[in-house]
Amino acid sequence: MVKVWYEPPPYGPGTSLNRPAYGARSGNSLVQQLSRRPQGMLIGGACAAFACIAYIPIMVREKNLPFTLSPEYQAAQRAYMRYHNMNPIFGISSKEARAADEAH
């Protein structure tokens, strides 16, 4: 029987000699720069960026609102809901809502 000596790679398992051992590569990458900044600043910046991106569709469609937001449609919808007694305890068919609607 022959004895075989196992020698692991010099920079850890699964690595080769032509790349660094573990972690990110050396250099000034964006990920390394962001990881060194305070977390609150990063979270605030990310939230601000997402809010700006989310506002773009609203800004584009602001002129062309859906027809369901017109005052005539909403008045007809209130009348329909009142006729069919929808949500009679706290909603549109309640006594408070009817009294407030008649005052207008």
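FYI, it's all coordinate maths here, none of it is from the lab. Treat the numbers as computed from the prediction; the structure is a model and nothing was measured. When we count neighbours, we look across all protein chains shown, and the Cβ atoms used for this are built from the backbone with ideal geometry, even at glycine.
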Cleavage-rule hits (chymotrypsin sites (Phe, Trp or Tyr not before Pro)) in the stretch 41-104: DSSP loop, at most 13 neighbouring Cβ within 10 angstrom:
F90
Determine the gain in length on full extension of the stretch N85-T68; use 0.36 nm per residue of separation and subtract their C-alpha separation, reporting nm with one decimal.
4.1 nm
